[in-house]
Amino acid sequence: MASITTSVGSFSLENPVILASGILDETSGSILRSLRSGAGAVVTKSIGISERKGYSTPVISEVGTGLLNAVGLSNPGIDNFVEEYKSFPEKKKTIVSIFGGNVEEFVTLAGRIEEIGFDKVELNLSCPHVKGVGSEVGQDLDMVEEIVSEIKNRTKLQVWAKLTPNVTDLIALAKASEKADAYTLINTLRATGVEIYSRKFVLSNTIGGYSGPGIKPVALRAVYDVYKETGKSIVGVGGITTWQDAIEFFLLGARAIQIGTALLYEDYSVYSKVNQGIKKYLDDEGFSKLEDIIGAMVAR
């Protein structure tokens, strides 16, 4: 049977299917359950310097091709996170997502994460619906470059830069974060929704992030563009529900993929289903390993 082991930067994974940040809560139990259900790795919900309650309800609305959400980066703050995760048994398979409003906040968070034994962070430079953080930071090329550089200079962490698709020049953003070990592409698309009878917005914040199957073509384009330009390790995310979706991302250059909204359509068995489908595809098509198809459709 074909091998589906892969690597992202210097991180080796038994399989390429990763839990995406944000779909589950911050508790260690839900993260551990994903690993025990077949995920090759997991990304935590984004953590900030201080506790944040997020927006008032409604914060999620289902649409025909996915979800709108504006949870508001609710999180317990780094002190509570450290207390929850200091004895977590699967730190090597966990990537901690962090967000901040400036360089020092990112560096402080990275340092605290490293102190308790984690060795990988994903920089949330792309949340589309919270002022002063996320994509507002992620669109400032100079700040992005400094954030990545300072974390690499001041820690030994592997850094994944999760970039926003809500820009006109994604390549410029990728080049600003080129010192990262990998790119995560993409986060949700900036979007809104309307209820015509109440004549109200479906989210309390008005603007939210659009995820799910409808954004897959946008995510694929981002992976293709960035891989063709840089050749760096890419983790693809956006609308991946089936093994067929995953294969599309691999062919365009992704070395691993993340699953988020699909957990709501399926359940924790989605990891194993996607992994089994990838293996069968490789066997049926005569490939001995996943590496054989990564970037196969991209001329560089």
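Read phi for every residue in the range 281-288 and hand back ³J(HN,Hα) as whole Hz from Karplus 6.51 cos²θ - 1.76 cosθ + 1.60, θ = phi - 60°, with x for Gly and Pro.
Karplus-based 3J(HN,Hα) across the range 281-288 equals 4, 4, 5, 5, 8, x, 9, 8 Hz.
For the pair Asp140 and Thr206, what calculated FRET efficiency results from E = 1/(1 + (r/R0)^6), where r is the Cβ-Cβ distance and R0 = 30 Å, to the nearest 0.05?
It comes out at approximately 0.80.
Sort out for me the Cα centre separation of the range 255-280 from the range 1-67, rounded to whole Å.
Between the Cα centres of the range 255-280 and the range 1-67 lies a distance of 11 Å.
In the calculated pair distance distribution of the chain, what percentage of Cα-Cα distances lie above 36 Å? Write down the numbers at each step before the final one.
Numbers: 4506 of 44850 pairs.
That tail contains 10 percent of the Cα-Cα pairs.
Could you check the spin-label model distance between Glu115 and Glu291? Points 7 Å from the Cα along Cα→Cβ, value in nm.
3.9 nm
Find the centroid of the Cα atoms in the range 211-253 and in the range 164-195, then give the distance between the two in whole Å.
So the separation of the two Cα centres works out to 12 Å.
Can you tell me what share of the DSSP beta bridges in the chain is antiparallel? A percent to the nearest 5 is fine.
Counting only bridges with both partners in the chain, antiparallel ones make up about 40 percent.
As an exercise, identify the GluC sites (Glu not before Pro) in the range 7-68 lying in DSSP coil whose Cβ has no more than 15 other Cβ atoms within 10 Å.
Glu14, Glu51
Tell me which lysines have Cα within less than 17 Å of Lys280's Cα, excluding those fewer than 8 residues away on the same chain?
Excluding near neighbours in sequence, the set is Lys289.
Tabulate in residue order the Karplus-calculated ³J(HN,Hα) for the range 219-233, using 6.51 cos²θ - 1.76 cosθ + 1.60 with θ = phi - 60°, rounded to whole Hz; enter x for Gly and Pro.
Result, rounded to whole Hz: 5, 4, 4, 5, 4, 4, 4, 6, 5, 4, 7, 10, x, 6, 4.
Which whole-number percent gives the relative contact order of the chain, counting Cα pairs below 8 Å spaced six or more residues apart? Don't jump to the answer; show the numbers that get you there.
On the way: 708 pairs, mean separation 62.7, N = 300.
Reported as a whole number, the value is 21 percent.
With θ set to phi - 60° and the Karplus curve 6.51 cos²θ - 1.76 cosθ + 1.60, what are the ³J(HN,Hα) couplings of the range 66-75 in order, to the nearest whole Hz, using x for Gly and Pro?
x, 10, 9, 9, 9, 6, x, 6, 4, 6
Which entries in Lys45/Lys120; Lys179/Lys228; Lys152/Lys175; Lys86/Lys120; Lys45/Lys86; Lys45/Lys162 show an alpha-carbon gap greater than 21 Å?
Beyond 21 Å between Cα atoms: no listed pair.
Cross-link partners among aspartates and glutamates for Lys279, C-alpha distance below 15 Å, same-chain residues fewer than 8 apart left out?
Cα-Cα hits under 15 Å: Glu14, Asp245, Glu248, Glu291, Asp292.
Only the coordinates and a few stated rules stand behind these numbers; no lab work does. The model shown is predicted, which means the values in this text are computed figures rather than measured ones. Cβ: placed from backbone, ideal geometry, glycine included. Neighbour counts: every protein chain shown.
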